[in-house]
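Worksheet for the structure shown next.
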Amino acid sequence: MNKFVDVLIVGSGVSGLYCALNLRKDLNILVVSKSKVSCTNTYLAQGGISVARDKNDVDLFTEDTLRAGQYKNDLEAVKVLVSESMYNIKRLMSIGVEFDRDDQGELDFTKEGAHSINRIVHTKDNTGESTAKALISKAKQSENITIYEDTYLIDIIEDKEMCIGAILIKENEQINIYAKSVVFASGGIGGLFNNSTNQRILKGDGIGIAVKHNIDLKDINYIQIHPTAFYEEEKNERRFLISESLRGEGGKLTNINGERFINELLPRDVVSEAVYKEIKETEVSYVNLDIRFLGKDYIINRFSSIYNECLKRGTDITKEYIKVSPAQHFFMGGIKVDLNSKTSMENLYAVGETSCTGIHGANRLASNSLLEGLVFSRRAANMINDSIDKINNPVVAVNNLNKSLKELTDENKKLAIKTIRHCKINN
Ligand SMILES: Cc1cc2nc3c(=O)[nH]c(=O)nc-3n(C[C@H](O)[C@H](O)[C@H](O)COP(=O)(O)OP(=O)(O)OC[C@H]3O[C@@H](n4cnc5c(N)ncnc54)[C@H](O)[C@@H]3O)c2cc1C
């Protein structure tokens, strides 16, 4: 089957849906998601979203991001991220995200590792869930946005080095989508690792397709290992994350001999390395995180999701240490994009974790990922809004292509269908 849309967006996380919501209302947009619309890393985010609190914070936030990234960041991209942060947080609030407030009714900013000041907005410890729910609800109310769940991107359609669409599998059928612009918002690579905090379905599909089509990648050696995932014997399941905000609020790490071995608020790569060292030296596969001093009532209110998830796993964090060890968490590298999220292929954009804007450098500063998804997917949307009327309707190219674009081989179709079943089982 062939179908025509103005914009195809692959991915229903923060970057895919926020991009869709910032596109013009007269554009016909299709968002596809490999599994259910909420099966995303976005939904799992706990800590929050960084934001420059005011003009005085711009330089400090920039410096914190660069220091955490070991100064391998793209400075121009970091400046864009920081300067557009508050605008996008306000826009997210207008879409329906209700961030926590302090006693005076002002935004309640919390702190995480390597941030010099409190600058993270959050909804308790489930910021991702509330953000995802607000974006999904808004997208579902938008008449110009259609969402296909359980729909699997297997390739793009390329004509004269231009992206003119993509090949999808939905309900065991091949659909060729032709689009004036295609946006990859297909997330990270954690599903490729046994030991990762990510949704198991996220296996870097967009990046694989980019390699196949010679689209430029950047910083693919920069993979973040989070120091504190809940420790469990290997189960071949996603590791449950113990958010950095617990350390931001004073949580202490000790080895099994009760000795503190690191300043808990150093950047993630430094803390992970220190934890690995302790694990090696003590020959015990975890270290302990202690937040009991915060008090039962505070813990249950502020960290309710983490409290409940740990309880399900047999640990009462108001009374016991939390056993933690490192796990793959985030991909700083990805499909190389410019400041408007354009890839090296005409008409193809990449946003969110699958892209590499260069803002993270060698190591992401906590809570900068959702922000990157917001800032740069809005920029992609703005670019598409301004340029799409000048793009030829892909129907012309399709007439030429029809001769060469064949049905998938039975073998490829079987593989795609198997992958979709796998996603359904893992959702
Ligand atoms: C446990 C956890 C906690 C986190 N906490 C925070 C935090 O507090 N603050 C922060 O800033 N960041 C946090 N992060 C990182 C952040 O959540 C992610 O980097 C961000 O949400 C990625 O958003 P995204 O839109 O790029 O991708 P995702 O939200 O992961 O969405 C990816 C989408 O791509 C789709 N997709 C993938 N492949 C295909 C395909 N072949 N065909 C069709 N669809 C496809 C998926 O179905 C999905 O809809 C956390 C991450 C994890 C795992």
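The values are calculated or read from the model by the stated rules, or taken from the named source; none is laboratory data. Computed from a predicted model, the values in this text were never measured in an experiment. Glycine gets a Cβ as well: all are built from the backbone with ideal geometry, and neighbour counts include every protein chain shown.
Structure above, values below:
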| quantity | calculated |
| --- | --- |
| Residue 341 in contact with a strand residue (DSSP E or B) (Cβ under 6 Å, 6 or more places away or on another chain), hydroxyl-bearing (Ser, Thr, Tyr) and under 16 Å from residue 113 (Cβ atoms) | no |
| Lone unmet requirement of (1) more than 21 Å from residue 129 (Cα to Cα); (2) modelled with pLDDT under 95 for residue 305 | (1) |
| Candidates 244, 264, 249, 309, filtered to the one that is closer than 25 Å to residue 49 by Cβ and surrounded by 23 or more Cβ atoms within 10 Å (Cβ to Cβ) | 244 |
| Lone qualifier among 156, 145 - being touching a Cys at 6+ places or on another chain (Cβ under 7 Å) and touching a residue at least 40 places away in the same chain (Cβ under 8 Å) | 156 |
| Test: residue in the range 184-203 that is over 16 Å from the mean Cα position of the chain (by Cα) and within 15 Å of residue 10 (Cβ to Cβ) | no |
| Selection from the range 157-178 of residues that are more than 11 Å from the ligand (Cβ to nearest atom) and closer than 17 Å to residue 210 by Cα | 157, 158, 159, 160, 161, 162, 163, 164, 165 |
| Restricting the range 179-207 to residues that are within 12 Å of the ligand (Cβ to nearest atom) and in contact with an Asp or Glu (Cβ under 7 Å, 6 or more places away or on another chain), the residue that is farthest from residue 1 (Cα to Cα) | 188 |
| Helices (runs of 4 or more DSSP H) (entirely within the range 1-102) containing at least 3 residues that are of a type in the set (Gly, Ala, Ser) | 14-22 |
| Residue pairs meeting the criteria (Cβ under 7 Å; at least 6 apart or on separate chains; first more than 24 Å from residue 358 (Cα to Cα), in the range 372-390; second among the small types (Gly, Ala, Ser)) | 388/181 |
| Hey, residue 137 away from the ligand (no atom under 14 Å from the Cβ), small (Gly, Ala, Ser), without any contact (Cβ under 8 Å) to a residue 60 or more places away in the chain and outside any loop (DSSP other than H, G, I, E, B) or not | yes |
| Of all residues making up the range 181-202, the number that are more than 16 Å from residue 168 (Cβ to Cβ), buried (at least 21 other Cβ atoms within 10 Å of the Cβ) and not small (Gly, Ala, Ser) | 5 |
| Test: residue in the range 345-354 that is within 22 Å of residue 275 (Cβ to Cβ), aliphatic (A, V, I, L, M), modelled with pLDDT of 95 or more and surrounded by 24 or more Cβ atoms within 10 Å (Cβ to Cβ) | no |
| Selected residue (criterion: nearest to residue 162 (Cα to Cα)) from residues of the range 305-359 that are among the hydroxyl-bearing types (Ser, Thr, Tyr) and in contact with a helix residue (DSSP H, G or I) (Cβ under 6 Å, 6 or more places away or on another chain) | 349 |
| Top-ranked residue of the range 140-156 - restricted to ones that are more than 12 Å from the ligand (Cβ to nearest atom) and in a strand (DSSP E or B), ranked as nearest to residue 378 (Cα to Cα) | 145 |
| Flag if residue 235 is assigned to a loop (DSSP other than H, G, I, E, B), among the charged types (D, E, K, R), over 16 Å from residue 348 (Cα atoms) and modelled with pLDDT under 95 | yes |
| Any chance residue 278 is surrounded by fewer than 18 Cβ atoms within 10 Å (Cβ to Cβ), free of Cβ contacts under 8 Å to residues at least 60 places away in the same chain, over 30 Å from residue 208 (Cβ atoms) and of a type in the set (Asp, Glu) | no |
| Members of the range 322-366 found to be among the aromatic types (Phe, Trp, Tyr) and either within 12 Å of the ligand (Cβ to nearest atom) or free of Cβ contacts under 8 Å to residues at least 60 places away in the same chain (or both), listed by number | 330, 331 |
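Listed here are the residues, each with its yes/no results for (1) more than 15 Å from the ligand (Cβ to nearest atom); (2) among the hydrophobic types (A, V, I, L, M, F, W, C); (3) surrounded by fewer than 24 Cβ atoms within 10 Å (Cβ to Cβ).
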site	(1), (2), (3)
1	yes, yes, yes
16	no, no, no
21	no, yes, yes
26	yes, no, yes
31	no, yes, no
36	no, no, yes
43	no, no, yes
56	yes, no, yes
